Amino acid sequence: MKFAKIVFWVAGIWGLLVLTPLYFMFDLIGQKDPPPITHPGFFYGFVGLGLAWQVAFIIIATDPVRFRPLMIPSVLEKVSYAAAMIVLVLQHRMRKSDLVFAGTDLLLGVLFVIAYFKTRARSV
């Protein structure tokens, strides 16, 4: 259980630190990594959804046994992003350097799987 607490606390705090600044970088992203973003609703929707999951990770960290079932969609959240990024790089639609964050998410997804199996289900 201690492993799961640490993993989910780290994931939640890391995610908050990485995602929150995106709210203030909409135009900068288009300038530094053209072309400009053309669908702000998707962009801000992604950021908001991502931040909601970071809060969920912190909630899981407070009581991993109780919130163990939420670890399954947590894995899906991490793996789906990493898989999408890998496919986009293989299709030459993104740069290889963009895999840094995908690798971080993939690592966290693996740690979430380990945390799931190391956390015993609550006895009924």
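The values are calculated or read from the model by the stated rules, or taken from the named source; none is laboratory data. Note that the structure is a prediction, hence the values are computed from the model and not measured. Counting neighbours? That spans all protein chains shown, and the Cβs are built from the backbone with ideal geometry, glycine included. Please note that ligands, DNA and RNA were not included when accessible areas were found on the heavy atoms of the full protein model with its side chains. Shrake-Rupley method; radii C 1.70, N 1.55, O 1.52, S 1.80 Å.
Quick one: with all protein chains in place, what share of the accessible area of the chain is carbon or sulfur, to the nearest percent (1.4 Å probe)? Its accessible area is 72 percent carbon and sulfur atoms.
With all protein chains in place and ligands, DNA and RNA left out, the 1.4 Å accessible area ranks T119, T38 as T38, T119, largest first. Taking the average, over residues, of other Cβ atoms within 10 Å as the packing measure, peptides 39-49, 82-92, 54-64 rank 54-64, 82-92, 39-49 from highest down. Evaluated at q = 0.19 Å⁻¹, the base-10 log of the normalised Debye intensity for region 51-116, with identical point scatterers placed on the Cα atoms, takes the values -0.71.
Solvent-accessible surface of the chain, taken per residue with a 1.4 Å probe and all protein chains present: 64 Å². Restricted to Cα atoms, region 1-66 shows a radius of gyration and a Dmax of 14.9, 45 angstrom. Do any trypsin sites (Lys or Arg not before Pro) in region 1-88 lie in a DSSP loop with no more than 14 other beta carbon atoms within 10 Å, and if so, which? Filter output for region 1-88: R66.
Projected over every direction and averaged, the convex hull enclosing the alpha-carbon atoms of the chain yields 8.0 nm². With R₀ fixed at 22 Å, the C-beta to C-beta distance from F26 to A52 puts the FRET efficiency at about 0.70. Evaluated over region 1-117, the count of Lys pairs having alpha-carbon atoms less than 22 Å apart is 4 (only pairs 8 or more residues apart or interchain). On the beta carbon distance between L90 and A121, with R0 = 30 Å, the FRET formula returns roughly 0.20.
Once the dipole of the chain is set up with Lys and Arg at +1 and Asp and Glu at -1 on Cβ about the Cα centre, which of T38, A121, W14 lies farthest towards its positive end? The listed residue farthest towards the positive side: A121.
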